[in-house]
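Data block below; observations after.
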Amino acid sequence: MTREPPTWPRGLRVGASHRRGWGWAWIVCLGWVAGVAWLSQIHAQPLSLGVASKFSLSEYFPAPHLAQMRWLLSSEKAQAQPNATYLVTGLRIELFREDGRRELVVLAPECTYEQSSRLAHSPGPLELQSSDGRFVIQGEGFRWQQDDLTLVISNRVHTIVREAPVTDFQR
């Protein structure tokens, strides 16, 4: 006497071949539900690229002055933007001599920093001051290229040359 497998409502027969088919169906169904849930979370949340406080970058002199910093770019805040760029607030660029003494300080309230081209630029104000405070340049609109340490100030450039040294870098 052969035993018939149990029947389910609506005449569905659950045999070994049917169980395998339903197992795959459940896996596909669960995968689809998980995918829809994941996509709905991505679309519900805005894309956050991040904000860094006390952002800084630096470069050192080649041998034999490997321990001496060549320049330091720092800021109060940097907001990551698309295409490896940053919106930098409170920019400060310091240039150093091979003996470690500071040579120049460049200050700007805001600029864009492009990581791939190693370039900082802004249409806004900028101030450059020598380490002894005797030489100051102010202007609007600038472009600083890290690779060759080139600074171009494009508009409303004012130069101040002082006789007595001033050492105020705490602006």
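Nothing in this text is a laboratory measurement; each read-out follows from the coordinates by a stated rule. Computed from a predicted model, the values in this text were never measured in an experiment. Here Cβ is always computed from backbone atoms with ideal geometry, including for glycine, and neighbour counts include all displayed protein chains.
A few notes on this one:
- Charge tally in the Cβ shell below 12 Å around PHE61, where Lys, Arg are +1 and Asp, Glu are -1, PHE61 excluded: -1
- For the stretch 73-169: rounded, prolate or oblate by the Cα gyration tensor [a/c cutoff 1.5]: prolate
- Label-to-label distance for VAL136 and GLU110 is 2.4 nm, based on points extended 7 Å past Cα in the beta-carbon direction.
- Counted by Cβ distance under 15 Å from ASN155, the other residues give a net charge of 0, where Lys and Arg count +1 and Asp and Glu count -1.
- Other residues lying with their Cβ under 15 Å from the Cβ of PHE96 contribute a combined charge of -1, Lys and Arg counting +1, Asp and Glu -1.
- Stretched out straight at 0.36 nm per residue, the stretch from ARG156 to ASN83 would grow longer than its current Cα-Cα span by 23.2 nm.
- With a simple spin-label model that places each label point 7 Å from the Cα along the Cα-to-Cβ direction, the separation between ALA67 and ALA52 comes to 2.6 nm.
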